[in-house]
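Just so it is clear, none of the values below were taken in a lab; they were calculated from the coordinates. Predicted, not measured: the structure shown is a model, and the values here were computed from it. Note that each Cβ is placed from the backbone with ideal geometry, even for glycine, and that neighbours are counted across all protein chains shown.
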Amino acid sequence: MSTAQHKIGSGFDAHSTADDVLAGVDLTGRLAIVTGGYSGLGLETTRSLTRAGAHVVVPARRPDTAREALDGLDGVEVDELDLADLDSVRGFADRFLASGRTVDLLIGNAGVMACPETRVGPGWEAQFATNHLGHFALVNRLWPAIEPNGARVVAVSSRGHHFSGMRWDDVHWRRGYDKWQAYGQAKTANVLFAGHLDRLARDRGVRAFSLHPGGIITPLQRHLPKEEMIERGWIDEEGNVIAQEGFKSAQQGAATQVWAATSAQLDGMGGVYLEDCDVAEPAGADDERTGVKEWATDPEQAARLWELSAELTGVNAFSGRR
């Protein structure tokens, strides 16, 4: 089967920063929404986009914390959004749509990783609900603002999608819970979502991408005990990041999502998974570190996930339900 998952030779790499990929790019007059844009990679993404002239809306579960983190940045506004709460998603979307503005870039950056078993809403597994369903509902509810300008939608996934495909018989992990496999399913869902959104929306000028930002020590690791990070070789006994493990800085980690949202090199493309500021290659059966797994780019699974997500959230911009 042919695939668009092949490097295009962008000229950037794992060492490129968000500021590098935006050099010479003028985003004046463009509006971006960056979920979680006040911490870790999201904060660096917001900083770089505003330096390039964009106005950035940062929906935040902790608005006061977000305002403190973003204090001093021009062209930023904060609003409240809890992706694990569909009423909160609806509220944010309604407020934004009422402003009459349109969206040029939407980066679904917020997420949780490897958390203890947690239930939200009607008993949904928290990683699937927050990382995928919340962003699914957000994009569908914001569709009237996304379509007019032919926005780019970016789903921040992870190489964690290698850990698990979709568990169709138990997506909410009601029969035993594994925090890493649950994270893997949620990250696979991000890739499938972007792929199917691109198929639905490309004729309307909207393109979607997913990506692995790279390994970065950020607040995303907040649920991991120090002992586990030491055992994995990520940090030493004093809590220092072990550089030889290939960790990026936050500016380097933000680069691929900023490139996905803004680069002219991706004009006419969409639905692909990116890493290190380039299109990723397909992952081999034994490849655990790079590339994209076939289960995350399967169009039939993507369509199945879209229908399940629409059923669970009660929203589907492409069927008239908003």
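Quick notes on this structure:
- Cα-based Rg / Dmax (Å) for the stretch 31-142: 13.6, 41
- Spatial extent of the stretch 103-188: Rg and Dmax, with the Cα atoms as the point set, Å: 13.9, 44
- Amide proton proximity set for Glu80, modelled H, under 5 Å, gap of 5+: Ala60
- Along each principal axis, Cα extent of the chain, largest first, Å: 50, 45, 44
- Working note: Karplus 6.51/-1.76/1.60 with θ = phi - 60° gives the stretch 189-206 the couplings 4, 4, 5, 4, 4, 4, x, 6, 4, 4, 5, 6, 9, 4, 5, 9, x, 9 Hz, where Gly and Pro are set to x.
- Neighbour-count ranking [beta-carbon atoms within 10 angstrom, fewest first] of Trp259, Trp143: Trp143, Trp259
- Beta bridges per DSSP with both ends in the chain, % antiparallel, nearest 5: 20 percent
- Cα-based shape type of the stretch 264-311, given that a ≥ b ≥ c are square roots of the gyration tensor eigenvalues and the cut on a/c is 1.5: oblate
- Between Ala208 and Val153, Asp198, Gly271, the built amide H atoms are under 5 Å apart, and every one of these is 5 or more places off in sequence or on another chain.
- Between the amide H of Ile107 and those of Ile33, Val34, Thr35, Val154, distances stay under 5 Å, these residues lying 5 or more places away or on another chain, with hydrogens modeled in the peptide plane.
- Cα gyration tensor shape for the stretch 147-221, rounded if a/c is under 1.5, else prolate or oblate: oblate
- The phi torsions of the stretch 27-37, fed into the Karplus equation with coefficients 6.51, -1.76 and 1.60 and a -60° offset, translate into couplings of 9, 4, x, 9, 10, 10, 10, 10, 5, x, x Hz, rounded to whole numbers, with Gly and Pro shown as x.
- Cα gyration tensor shape for the stretch 1-95, rounded if a/c is under 1.5, else prolate or oblate: oblate
- Remark: the stretch 283-292, residue by residue, has Karplus-estimated 3J(HN,Hα) of 7, x, 4, 9, 8, 9, 10, 9, x, 10 Hz, where x stands for each Gly or Pro and the curve is 6.51 cos²θ - 1.76 cosθ + 1.60 at θ = phi - 60°.
- For a straight C-alpha distance cut-off of 12 angstrom, the aspartates and glutamates reachable from Lys248 (same-chain residues fewer than eight places away being disregarded) are Asp13, Asp276.
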